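Notes follow once the structure below has been shown.
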Amino acid sequence: MTAAGFRRGLVAALPFLLSNGAAGLVMGLTYKGLGLGASHAILFSLLVYSATAQAITLSMWASPLPVAAMVVACIATNSRYLLMGAHLRQLFGGLAPRKILLSLFLLADASWLMTSSDADRNGPDAGYLLGSSIPMAIGWVGGTALAYAAPLATNGPLKLAAALLPTMFIATLLPSQWKNAASPWPWLISAVVALLVSHFVDPSWSMLIGGGCGTLVSMMERTDA
Amino acid sequence: MHDLDVLGVIFILGLTCYAMRAGGYVLAASMRDDGIAARFLRLAPGNLFIAFIVGGCLSGGLAGLVGTMVALVTMAVTAREWVALSAGFGAAIATSAIAP
C-alpha cells in the first residue's frame, strides 16, 4: 500500500465526484419522496453505500419494514462483492486483512475494476483501491445530501422519476449480467415464478423466490458462459 | 414508522453489505474460482434482477413498463448508464402524459 498508488487512484477517480454525485442526487430525491429524513438518507448512502442494494431495498420499503427479506435481497444482489473481494485477496495476497478492511468498506464496482486494471499496468497496490474509492464515496453521499439541501420538490416528473428509479437502475445492470447466462430459460423462469408468486406472498418475497428458482435452473445448466 | 426502526434497518443493511465486501477477502482461501459457490454467486444476481424488474413493472403501471424497457434497450445499445436512465425517464414521462 503506497502513497503514490493512493494519489494515482484519487486523481483517476475524480470524475466520479460528478457521476456518482448525480446518481446520489437521484437516490436522495427518492428517499425524500419516501418521507425519509435527511440524516437517515445520508446514513443510508454512507453505511450501505451500494446503489444496487439501496435501489432494491427502497422498492421493498413498507410498514412494518420487511427486514429479513431486505437482508436476503442485499446478500443476493451484492454477492458479486464476495468474488471481487476474493480477487483482491489474490492481488494483495501479502497484505494482512486487517490492513485493508477499512478500504473494503468503500469497495464499489468501479473502484474494483480500476484497481484490477491498475494492477495490470503498475502492479498491485492497495493504496490505489483506497484512493479511487474516496471520490466515489464523496460523490455518492454528497449527492444524497444535496437532494435535501437543494430546493427540489419531489412532485410531477421528478416524483415519477424517483418512483421508477429502482426498477430502471436494475434494468441497466441486466446487459452486464447476460454474459454469465448460458440461455434465457433461467431468466424466463425467474420472471414467471415471481409473477405467479406475487399473487400469494409479499412482493419482496416473490422477487426472492422467483430469483431463487431461476438461479437453481441456472446452476443445473451445463455451462454458465 | 419509528426513527429507531429505520435506524436499525440502516445499520443491519450496512453491516450486511460490509460483510459481503470484506467476506470475499477474508474467505478467499476457501473459495475456488471455478467452484459451485463461485458459480452461484455469478448467476444469482441476474436472476434476482429479472424477478425484481417484474415486480417493479407490475407496480409501476404502463409508464413503468415502457420506461424500464427503453432503459434496458438503451443500455444494451449504448452501454452508458446515464443515457439509458435519461431515455427511460423520458419515455416514462411521455407515456404517463399520453396514458395517465
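What number of residues in the stretch A:121-141 are over 16 Å from the mean Cα position of the chain (by Cα), surrounded by fewer than 19 Cβ atoms within 10 Å (Cβ to Cβ) and in a helix (DSSP H, G or I)?
Selection size over the stretch A:121-141: 2.
Give the residue that is surrounded by the most Cβ atoms within 10 Å (Cβ to Cβ), with candidates limited to residues of the stretch A:102-120 that are part of a helix (DSSP H, G or I) and facing another protein chain (nearest Cβ under 9 Å).
Among those that are part of a helix (DSSP H, G or I) and facing another protein chain (nearest Cβ under 9 Å), it is A:Leu104.
B:Tyr25 fails exactly one of the following numbered conditions: (1) in contact with a Leu (Cβ under 9 Å, 6 or more places away or on another chain); (2) hydroxyl-bearing (Ser, Thr, Tyr); (3) under 24 Å from A:Leu195 (Cβ atoms). What is the number of that condition?
(3)
Name the residue, out of A:Ser39, A:Ser45, A:Ser19, that is of a type in the set (Ser, Thr, Tyr), assigned by TED's automatic domain parsing to the domain that holds A:Trp112 and at pLDDT below 90.
Result of the check over A:Ser39, A:Ser45, A:Ser19: A:Ser19.
For the stretch A:173-188, enumerate the residues that are in contact with an Asp or Glu (Cβ under 7 Å, 6 or more places away or on another chain) and of a type in the set (Ser, Thr, Tyr).
The answer is A:Ser183, and nothing else.
Taking A:Ala147, is it modelled with pLDDT of 90 or more, assigned by TED's automatic domain parsing to the domain that holds A:Ala86 and within 23 Å of the chain's Cα centre (by Cα)? Give the steps one after another, and end with the answer.
Working: modelled with pLDDT of 90 or more: yes; assigned by TED's automatic domain parsing to the domain that holds A:Ala86: yes; within 23 Å of the chain's Cα centre (by Cα): yes.
Here the answer is yes, as A:Ala147 does meet what is asked.
For the stretch B:66-94, name all the residues that are under 15 Å from A:Leu174 (Cα atoms), more than 7 Å from chain A (Cβ to nearest Cβ) and at pLDDT 90 or above.
Across the stretch B:66-94, the qualifying residues are B:Met69, B:Val70, B:Val73, B:Thr74, B:Val77, B:Thr78.
Mind listing just one residue for me: the one in the stretch A:185-196 that is more than 7 Å from every other protein chain (Cβ to nearest Cβ) and surrounded by fewer than 20 Cβ atoms within 10 Å (Cβ to Cβ) and, of those, farthest from the chain's Cα centre (by Cα)?
A:Leu196
The values are calculated or read from the model by the stated rules, or taken from the named source; none is laboratory data. Computed from a predicted structure; not experimentally measured. Cβ atoms come from the backbone with ideal geometry, glycine included; neighbour counts cover every protein chain shown.
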